[in-house]
Amino acid sequence: MNPQGFVDTVRHNFIVGNWKMHTTAAEATQLAKAIANGMGVMSGKDRVSVAVCPPFPYLALVGEILKGSCVALGAQNLYPEKEGAFTGEVSPTMLRDLGCIYVILGHSERRHKLGESDAFINQKVRVALTAGLDVILCVGETSDQRKANQTEAVLDRQLVQGLVDVPAEVLTRVTIAYEPVWAIGASGHEATPQQVQDAHSLIRRRFARMYGEKSAQAVVIQYGGSVKPENAASMLTANGVDGALIGGASLHADQFLAIVRAGIVEAQTKGKSA
Ligand code: PGA
């Protein structure tokens, strides 16, 4: 048993780069090549899963570069319809067509800057899974919510409502990313490993109530929020943390690869493999 009361289970480390609305085509090409090449020569790479999520316009370009590498392609969003009159939107079928394996859903920037509701995010989660995309569902409280002691209530709500009608059988295709809004980006405050560990434990406990202990032990929960080479080891070794969702540092191949390396070291220590 670990201090959170869960039997320690060996889950794999999943490291994902979220490029957000950054890069030009030339920069995306360079970044993808550097990451694919760096991963190619990295020892122990089979111990972690790695993916990058470029902006929509560069998915095809980056997908081509990643072909044959051990880096998977993911998207940052989708619209929850197969096709139709939805000007400007991108369907899960299109993402699959471009070789995407993953899609990030419920990112706090979409929740807070674009007003996405839990119900809308849930619709996306269900449609993505049905279309064959694996989901990275982001959850996390704002600074005000944390100060008001609402962290647990917010995480519970985002999980319960985000996973409505998602059956236990498909949970192996769902990753949760805990991303406290106050820790994200250049102006974010770094979370302590203890805060991260506590939140991951809340999430896993909620999962146990929703899907049972076994599913809760198996679910991969990433941490995201100012993860960089300097703090990667302490974040990734925090109890219950299974990899990272990385924004800023994922735009620099050397930094991203350094975080992957920290994930490999942690995996080796704990006997994990992808
Ligand atoms: P950050 O972003 O690493 O720049 O804090 C993380 C995220 O928003 O996924």
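Tabulated data for the structure shown
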item: Hey, residue 215 in contact with a Leu (Cβ under 7 Å, 6 or more places away or on another chain) and polar (S, T, N, Q) or not; result: yes
item: Matching entry among 216, 199, 244, 232 (being in contact (Cβ under 8 Å) with a residue 60 or more places away in the chain, within 16 Å of the ligand (Cβ to nearest atom) and not in a loop (DSSP other than H, G, I, E, B)); result: 244
item: The range 122-143, subset in contact with a Gly (Cβ under 9 Å, 6 or more places away or on another chain) and either of a type outside the set (A, V, I, L, M) or modelled with pLDDT under 95 (or both), residue nearest to residue 190 (Cα to Cα); result: 140
item: Residue that is farthest from the ligand (Cβ to nearest atom) [pool: residues in the range 64-93 that are touching a residue at least 12 places away in the same chain (Cβ under 8 Å) and assigned to a helix (DSSP H, G or I)]; result: 93
item: Tally of residues being assigned to a helix (DSSP H, G or I), within 17 Å of the chain's Cα centre (by Cα) and either among the polar types (S, T, N, Q) or within 16 Å of the ligand (Cβ to nearest atom) (or both) across the range 119-139; result: 2
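Rundown of residues vs (1) of a type in the set (S, T, N, Q); (2) closer than 23 Å to residue 83 by Cα; (3) touching a residue at least 40 places away in the same chain (Cβ under 8 Å), yes/no style:
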site	(1), (2), (3)
100	no, yes, yes
114	no, yes, no
119	no, yes, yes
131	no, yes, yes
135	no, yes, yes
153	no, no, no
159	no, no, yes
174	no, no, yes
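The values are calculated or read from the model by the stated rules, or taken from the named source; none is laboratory data. Just so you know, these numbers come straight off a predicted model, no measurement behind them. We place every Cβ from the backbone using ideal geometry, glycine too, and count neighbours over all the protein chains shown.
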